[in-house]
Amino acid sequence: MALKIYNTMTRRKEEFTPREDNKVGIYVCGVTPYSDTHLGHALPSVLWDVFRRFLRYRGYDVTLVQNFTDIDDKIIARANKEGVPAQAIARRYAQDYLESMDALGVERADHYPLVSEHIPHIIDMVQTLIDKGFAYVEGGDVYFSVEKFPSYGRLSRQRLEDLVEGESAGEGKRHPVDFALWKAAKPGEPSWDSPWGPGRPGWHIECSAMSLHYLGNCFDFHGGGVDLIFPHHENEIAQSEAYTGEEPFVRYWLHNGLIKIKDAKMSKSLGNFVTVKELLAEHPPELIRFFLLSAHYRSPLEYHEDKLAEVRRGWERLNSAYKTLTAAIAQEREADGEVPSPMKESLQGALKDCREGFIGAMEDDFNTALAIAALFDLARETNTFLAEAQPPYDAEALELLREAAELFRVFGGEILGIVQEPGPAGDDKLVQELLDLVIELRSQARARRDFATADAIRDRLREMGIALEDTSGGVRWRWL
RNA sequence: GGCGGCAUAGCCAAGUGGCUAAGGCGGAGGUCUGCAAAACCUCUAUUCCCCAGUUCGAAUCUGGGUGCCGCCUCCA
C-alpha cells in the first residue's frame, strides 16, 4: 500500500514519495497571534498532528514547522489599543495558542519560527528578488512583480487578467496584482532597518523565508486552510520559486476545509468563533479531536453549540469499549479456560479488518472518518466477544484481546488521539486485588438479596470513578 | 463579475464506474438483568439536489440547471 495525497496544485490524488529517503518536511501556516485561539485554528493543528503521527507510524522521519506571524497590522492595532508593545501582544497570544494546543494533545512542532527572528533572512530574500529582477523598489516599499512570474495563478487557477478587477490599483504598484514584499514604516509602527529604509515584511514573505530556511528547497508538504490558497500560497510560490530558481517550491499542497457556524466561516473578523479554552472547559480534548476528525479534512465542518454533545455518545462508546477491554484483560489472570474457536476466529478476523481498514483509510488521503469507522467495527467485535465468551479465557483468546487493546491504543490513542488511556492505576496490582475483594463482598450481598448494600457499593465506587457492570459473564469493572 | 469547491437517510458522514450505498448519532422493537449501567441483535436511503447524455452498467464520468460555501481585503 502506498500513501495517496490530494494535491491542491494538480487537483488530483497523487502517490506520495518523499523528497529525500524517508524524510518528510512539513510546513503548516500558523496563526497571527493577536487574539484568543479559536476552534478554526485548532483544526489544521490537530489535523497535522494526526498526519504527522501517522507518517511517523509508517516509518517516516518527520520535521514539522509551524510559524507565528508576529508582525502584522492587527497585532499592531491591538497593541496600540492596549498601549503595550506589539511584541507583548504577539507573545501573549502565541502563548495562548501553545497552551491550547498542548491541552488538545497536539504534539509540539519541531520549530515555531517567528517573523521577528527572521528579518535578516527576509531582507536577504527580498534583495535577491530585486537583484533577479522579480521585484522593484517604490518609495520605501518593495513589490513583487507578478508579470515576471509567468506561472502566477497556477495554484488558485486564476488568470492575471481576471484578478485585476478585484485588486486595488495601487499606490506605486506597476501591476494591480503586485504584492508587497516589504512595507515602509509608518509612524508608530515597529520597524527594522533595511537597504530600502526602515520598514517591515509584507504578509507573505515570512512563510517563504522561514519554510525555505528550515526545510530547504522543494520540501514535501505545505498545509493550511483553503482560505489561504489565494493570495497567500499563490504568492509564496511566486516569490519562493523566483528566489530559489527551483520548482516546485512545495511538492504537495494540502488544504483543509473550514469550520463553519450557521453556514458561515468561523473567523475572528466575523466574531462567530468559539475559543479552544472555552471548549476545553466543558469537554475532554479527545472528544474535541474526535469531532474535528469525524469528517474528511478537506470538507467543511459545521459547528454549533450542541455539536460536541451530539457526537459524545459515539465517542464514549469507542472509549468504553477500550476501557472494558483493558479491564477484562487485567481481570483475567489465569488463562486456563477455553473459548470456542469460532469466537476466536471471528475476533481474529476483526483485528485484521481493523488494521487493514485503518491503515488503508489513512493512506487514502488521510481519511480519518473512515479510519474511525474501522475502530467502531473493532469495538463492536470486542464488545460482542466479551459479552459472549465466558471467562476464564484461554491463552490464545487473551492474546487476541491484547492485540485488540493494542489497536485501540495505537490507532485510537497514539495516532488519532481520540481514545483515552484508562484510569490512573489500571495496572496496579493492589487496586486490582482490592476491587476483586469488594466485588466479591458485593456479590455475596447480592446472593443473599441484600440489594441495598450491593447498590451502595456500586454507587460509592462510581463516585470514585469506577463503574461496575453485572454482565452475564460476571461482574466487570472499568474506569469511567 | 472571475476563480475554486460542495450537494448521499431525521442529523453527522464515508464512498468518485460494477458485490447487499461504510460508520456514528437519533428513533423503533428485542436479548441480557433484582435494579442500574453497559453491551449485543433486528429494523430505520430500491436510492445518492434536478434534467439530459455517455456506458452493458453511474451516487461516481460529461453537459445544463438549482441551492449553498470559500477566495478575489485580513483570515486556519
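For this structure, a couple of remarks:
- Among the candidates A:ASP36, A:ASP49, residue that is out of contact with any strand residue (DSSP E or B) (no Cβ under 6 Å at 6 or more places or on another chain) and touching a residue at least 60 places away in the same chain (Cβ under 8 Å): A:ASP49
One line per residue, one yes/no per condition, for (1) modelled with pLDDT of 95 or more; (2) touching a helix residue (DSSP H, G or I) at 6+ places or on another chain (Cβ under 8 Å); (3) within 21 Å of A:ILE71 (Cα to Cα):
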| position | (1), (2), (3) |
| --- | --- |
| A:GLY105 | yes, yes, no |
| A:TYR112 | yes, yes, yes |
| A:PRO120 | yes, no, yes |
| A:TYR152 | no, yes, no |
| A:LEU163 | no, no, no |
| A:PRO187 | no, no, yes |
| A:SER191 | no, no, yes |
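- Boolean, A:PHE408 is in contact (Cβ under 8 Å) with a residue 60 or more places away in the chain, in the same structural domain as A:TYR322 (by TED's automatic domain parsing) and not in a loop (DSSP other than H, G, I, E, B): yes
- Helices (runs of 4 or more DSSP H) wholly inside region A:59-136 containing at least 2 residues that are open to solvent by 20 Å² or more (accessible area, probe 1.4 Å), free of Cβ contacts under 8 Å to residues at least 60 places away in the same chain and away from RNA strand B (no atom under 16 Å from the Cβ): A:86-103, A:119-131
- Residue in region A:379-392 that is modelled with the lowest pLDDT, counting only those that are out of contact with any helix residue (DSSP H, G or I) (no Cβ under 7 Å at 6 or more places or on another chain) and surrounded by 17 or more Cβ atoms within 10 Å (Cβ to Cβ): A:PRO391
- Selection status of A:PRO422, more than 12 Å from RNA strand B (Cβ to nearest atom), touching a strand residue (DSSP E or B) at 6+ places or on another chain (Cβ under 7 Å) and within 22 Å of A:GLY105 (Cα to Cα): yes
- Checked against (1) assigned to a helix (DSSP H, G or I); (2) open to solvent by 70 Å² or more (accessible area, probe 1.4 Å); (3) within 12 Å of RNA strand B (Cβ to nearest atom), A:ARG298 passes all but a single condition, namely (1).
- Test for A:SER240: is it surrounded by 18 or more Cβ atoms within 10 Å (Cβ to Cβ), away from RNA strand B (no atom under 15 Å from the Cβ) and either closer than 16 Å to A:TYR143 by Cα or of a type in the set (S, T, N, Q) (or both): yes
- Residue in region A:286-308 that is of a type outside the set (Lys, Arg) and under 27 Å from A:VAL431 (Cβ atoms) present: yes
- Condition check for A:GLU440 on (1) out of contact with any Asp or Glu (no Cβ under 6 Å at 6 or more places or on another chain); (2) surrounded by 13 or more Cβ atoms within 10 Å (Cβ to Cβ): one failure, at (2).
- Candidates A:ALA309, A:ALA321, A:ALA361, A:ALA327, filtered to the one that is crowded, with 16+ Cβ neighbours inside 10 Å, within 14 Å of RNA strand B (Cβ to nearest atom) and without any contact (Cβ under 8 Å) to a residue 24 or more places away in the chain: A:ALA361
The values are calculated or read from the model by the stated rules, or taken from the named source; none is laboratory data. Small disclaimer: the values here were computed from a predicted structure and weren't measured. A quick note on method: Cβ atoms are made from the backbone with ideal geometry, for glycine too, and the neighbour counts reach across all protein chains shown. These accessible areas exclude ligands, DNA and RNA; they are computed on the full protein's heavy atoms, side chains included. Shrake-Rupley method; radii C 1.70, N 1.55, O 1.52, S 1.80 Å.
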